[in-house]
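Working notes, structure below.
What follows is calculated from the coordinates using simple rules that are stated; it is not laboratory data. These numbers come from a predicted model, not from an experiment. No Cβ is skipped: glycine too gets one built from the backbone with ideal geometry, and neighbour counts run over all protein chains shown.
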């Protein structure tokens, strides 16, 4: 498939310098290590040359893509499908039956499988697909996938792929060392990590908490930030749940996000954060990497990051694509600031009068039908216009999944909309439409 056709399908006019350099390096036949900031387009950088190197209609898996999280696997799969090629792709991850994934493999015969290490190792161990035909291995966020504690599993996976000819490793931070078992040779290293551009666009604040328990300080800070997009980082799952529960009692719209949640709950939380109906996302460092969450205004370190790498990834969620961003460290007097955090950060100044929590402009609606029911975005928009009395500007982001859909609707119009569409049908089908819980 021609490059221009793929870019047209993706609604992209031209590639970035990093993406062009990756394409050129890919064609050289060497292994590649690509270092580039979060949000710079690494996914497209490796997918473009990959799809143009694959042979369609072979019926065998030719490439494996490993990622540290389910969300990143799904994100890569979404970009791959949006390219509009005739190639088949699927993602594999924990939290759903492996047998269901095996049936999908046998049904669509994917050329590319994207997966988390644990689930990929499971499929390889059971020989659920022919590993001997895999010639390309791509490891996204390789510093996370290859960190100590995961190396044995990664070594097992790579050892079960005997036909590898090319390896592509990608990260937003410089790794200390690439283990020998990865097998990279004749490597082309592309380093697009800039030390000045992102930092110059990021303003760092120290927020003094008079109490060791920082909940009230966080609440006050979020009141000041209003309904701007804010990502709050905690170090533990239990802390995420505790902080989110407290903020809800104080009428702050927020969602929790961590690896202990069920996949549908994680997807719903991310969607509500992305579309602006929930301006605050409280998360572990799971949200610091790989996820496509554009236009985040503020990063709040409720807990100090565990190391410099975590600090870099957290702050990398904002000040992206030439935008500016702000990062806040909530600190108690007894806390010691690590050496990798600048000492000259500004102290946050509180306003004379604390604002009250504000409502977001949008609400997310759940729609109980999706792609499998032949429902698309145009159907939903047309239904809301015709039956719900909405007009242009009342509908925000719409995301249609296999069996359901989400739609962002202006909060002030939701009650009227739900009343008007009661009992109405989309494409002759009755379906549940309600505010997403």
Margin query: Taking the number of other C-beta atoms within 10 Å as the exposure measure, put 120, 83, 1 in order starting with the fewest.
Written below: 1, 83, 120
Check: Which semi-axis lengths, in whole Å and largest first, follow from the square roots of five times the eigenvalues of the Cα gyration tensor of the stretch 3-191?
Finding: 23, 21, 15
Next item on the list: Please give the contour-minus-distance gain from residue 54 to residue 127: 0.36 nm per residue of separation, less the Cα-Cα distance, rounded to one decimal in nm.
Entry: 24.1 nm
Notebook entry, point to check: If you count, for each residue, the other Cβ atoms within 10 Å and average over each peptide, how do 365-375, 62-72, 392-402 line up from highest to lowest?
Noted result: 62-72, 365-375, 392-402
Note to self: Taking the Kirkwood radius as the inverse of the mean 1/r across Cα pairs, report the Rg/Rh of the stretch 197-347.
What the structure shows: 0.93
Check: Given only helices, namely DSSP H runs of n ≥ 4 each adding -39500 (n - 2.57), what is the per-residue ellipticity at 222 nm of the chain, to the nearest 500 deg cm²/dmol?
Finding: -9500 deg cm²/dmol
Next item on the list: Going by C-beta contacts inside 10 Å, put 340, 311 in order with the fewest on the left.
Entry: 340, 311
Notebook entry, point to check: Taking a label point 7 Å from the Cα of residue 216 along the Cα→Cβ vector, which residues of the stretch 236-268 have an amide N closer than 15 Å to it?
Noted result: 247, 250
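Roughly speaking, what is the stretch gain from residue 420 to residue 5, that is 0.36 nm per residue apart minus the C-alpha to C-alpha distance, in nm to one decimal?
Computed gain between residue 420 and residue 5 is 145.2 nm.
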Next item on the list: Considering Cα pairs under 8 angstrom that are at least six residues apart, work out the relative contact order of the stretch 1-155 and quote it in whole percent.
Entry: 26
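By the gyration tensor of its Cα atoms, with a ≥ b ≥ c the square roots of the eigenvalues, what is the shape of the stretch 1-60: rounded for a/c under 1.5, prolate for a/b over b/c, or oblate? Please list the in-between numbers first.
Working: a/c = 1.92, a/b = 1.18, b/c = 1.63.
Because a/c hits 1.5 or more and a/b fails to exceed b/c, the stretch 1-60 counts as oblate.
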Next item on the list: Starting from the Cα of residue 353, step 7 Å along the direction of its Cβ; do the same at residue 201; then give the gap between the two resulting points in nm.
Entry: 3.5
Check: In whole Å, what is the distance between the alpha-carbon centres of the stretch 222-285 and the stretch 301-369?
Finding: 12
Checklist line | Mean separation of Cα contacts under 8 Å (6+ apart) over length of the chain, as relative contact order % | finding: 15
Notebook entry, point to check: Using the 10 angstrom Cβ neighbour count as an exposure proxy, how do 266, 242 rank, fewest first?
Noted result: 242, 266
Next item on the list: With a/c under 1.5 counting as rounded, go ahead and sort the stretch 251-318 into rounded, prolate or oblate using the C-alpha gyration tensor (a ≥ b ≥ c being the square roots of the eigenvalues; past the cut-off, prolate if a/b is larger than b/c, else oblate).
Entry: prolate
Margin query: Among 410-418, 206-214, 39-47, how do they line up by average Cβ neighbours within 10 Å per residue, starting with the highest?
Written below: 39-47, 410-418, 206-214
Notebook entry, point to check: Using the per-residue mean of other Cβ atoms lying within 10 Å as a proxy for protection, in what order, highest first, do the peptides 152-158, 14-20, 255-261 fall?
Noted result: 255-261, 152-158, 14-20
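Averaged across orientations, what area in nm² does the convex hull of the alpha carbons in the chain project?
Average of the hull's projected areas for the chain equals 22.4 nm².
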Check: Computed on alpha carbon atoms, what radius of gyration and Dmax characterise the stretch 362-435, expressed in Å?
Finding: 10.9, 31
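Can you tell me the equivalent ellipsoid semi-axes for the stretch 114-245? Use √(5λ) from the Cα gyration tensor, largest first, whole Å.
40, 21, 13
Cα gyration tensor of the stretch 271-360, axes a ≥ b ≥ c as square roots of the eigenvalues: rounded (a/c below 1.5), prolate (a/b > b/c) or oblate? Working shown, then result.
Numbers: a/c = 1.76, a/b = 1.14, b/c = 1.54.
Judged from the Cα gyration tensor, the stretch 271-360 comes out oblate (a/c at least 1.5, b/c at or above a/b).
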Next item on the list: Give me the distance in nm between label points sitting 7 Å out from Cα along the Cα-to-Cβ direction at residue 100 and residue 12, one decimal.
Entry: 3.0
Notebook entry, point to check: Measuring from a point 7 Å past the Cα of residue 193 along Cα-to-C-beta, which residues in the stretch 165-186 have an amide N at less than 11 Å?
Noted result: 171-177
